[in-house]
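These notes concern the structure reproduced below.
The values are calculated or read from the model by the stated rules, or taken from the named source; none is laboratory data. These numbers come from a predicted model, not from an experiment. Neighbour counts run over all protein chains shown; Cβ positions are idealised from the backbone, glycine included.
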Amino acid sequence: MTTKPQSPDEAARFARELANWGPEAPAQAIPDLATARNYCRQLATTHYENFPVVSWLLPRSLHQHFYNIYAYCRWADDLGDEVGGGQRALDLLSWWRRELHACYESGEARHPVFVALCDTVREFAIPCQPFDDLISAFEQDQAVPNYETFEQLVDYCRRSANPVGRLVLYLCRQATPENFVWSDSICTGLQLANFWQDVSRDLDIGRIYLPKEDLQRFHYTQEELHGRVTNRVFLELMEFQVGRARRWLSPWSSPSLPELAPFPWRVQVDIELFARGGERILDQIERIGYKVWDHRPIVTKADVARLFAGCIWRAVWRNLWRGK
């Protein structure tokens, strides 16, 4: 899923990484698999996220593969957000797509992320489409700062968020059409929750994810939007958006979560943690009375701990009930 621009220190770090490994970097030896894996592991474990990329419960055999996919997403996201945008970002994302296609077409790679990722792709027979869709979403960020309709926003989520869930399903060897349905719904709901959490931050960088048709429906003007006005219609608008996101997250409303039953119980915990995290963001927006211009709702470490404990309890209950 898309993330927000990083701190100045992280932006400077990425500038150094781009100088070392970007298309204009000096030719250097291709890293071996062990070196490439270490590169991805360090990238995944030294970045802040609302939830850890890999929890201690995730089967150790999957750790590195999660790191590899995260590193791919992190680089693609940074190429879109950390290089000044515009044509520069589009050129670099085009280069990243060529590297991706080379990984699939010839199995050759020079960048450490792709050296590691090609190994993951082969082991789990992951198709190129989810990776390609993510690049498409980051390209769209350069040209589309706002959305006319909710349908257009959902299409963006289809490429910016849903591929991440599908990649997890491939790693868990559960990539079925039935699982894609609920995974896509959850990922879209989580992306929407992130949008409503970061309405103010997104406006800072010139992006507006509140659809224009909804602004018009609630009679919230563009002048009020850019003035960050909190009034009755804005609160009603945000209440509507939170309810809409909850409906996309609704497959998690059942305590039994039957869709997760085929997964190892440790994987069940990690998948549910991300989904419940989206619900928690929405809870926090409600707690502050939908006043997201004034306060950014956050998920605290204590929140994560409580969510984690609840996910473990439900996974144990679910598997005992099913006799596993």
Condition test on Y104, is it surrounded by fewer than 22 Cβ atoms within 10 Å (Cβ to Cβ) and within 29 Å of L33 (Cβ to Cβ)? yes
For residues that are within 19 Å of A44 (Cα to Cα), among the small types (G, A, S) and in a helix (DSSP H, G or I), tally how many sit in the range 10-27. 3
Inside the range 284-304, can you point out the residues that are part of a helix (DSSP H, G or I) and either at pLDDT 85 or above or exposed (fewer than 14 other Cβ atoms within 10 Å of the Cβ) (or both)? Q284, I285, E286, R287, K301, A302
Residues of the range 134-168 satisfying the condition of being outside the structural domain of V199 (by TED's automatic domain parsing) and closer than 19 Å to L117 by Cβ: L134, I135, S136, A137, F138
Scan (1) part of a helix (DSSP H, G or I); (2) assigned by TED's automatic domain parsing to the domain that holds Y67; (3) touching a residue at least 40 places away in the same chain (Cβ under 8 Å); (4) of a type in the set (A, V, I, L, M) for the single condition A109 breaks and write down its number. (1)
Within the range 64-82, residues being within 13 Å of D141 (Cα to Cα) and either aliphatic (A, V, I, L, M) or in contact with a Phe, Trp or Tyr (Cβ under 7 Å, 6 or more places away or on another chain) (or both) number 6
Restricting to the range 31-52, what's the tally of residues that are modelled with pLDDT of 90 or more and either among the β-branched types (V, I, T) or not in a helix (DSSP H, G or I) (or both)? 3
Qualifying residues in the range 252-274 (those that are buried (at least 17 other Cβ atoms within 10 Å of the Cβ) and modelled with pLDDT under 70) - the one farthest from A161 (Cα to Cα): L257
Just to be sure I understand, how many residues within the range 279-288 are closer than 16 Å to V199 by Cβ and touching a helix residue (DSSP H, G or I) at 6+ places or on another chain (Cβ under 7 Å)? 4
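Within the range 129-239, which helices (runs of 4 or more DSSP H) (wholly inside it) include 1 or more residues that are in contact (Cβ under 8 Å) with a residue 40 or more places away in the chain? Spell out how you get there, then give the answer.
Values: elements: 129-143, 150-160, 162-171, 177-197, 199-204, 212-217, 222-226.
By residue number, 129-143, 150-160, 162-171, 177-197, 199-204, 212-217.
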Criterion first (assigned by TED's automatic domain parsing to the domain that holds I288, under 20 Å from the mean Cα position of the chain (by Cα), among the aromatic types (F, W, Y) and over 18 Å from I285 (Cα atoms)) does W196 satisfy it? no
Only one of Q216, Q222, Q191 is of a type in the set (S, T, N, Q) and buried (at least 19 other Cβ atoms within 10 Å of the Cβ), namely Q191
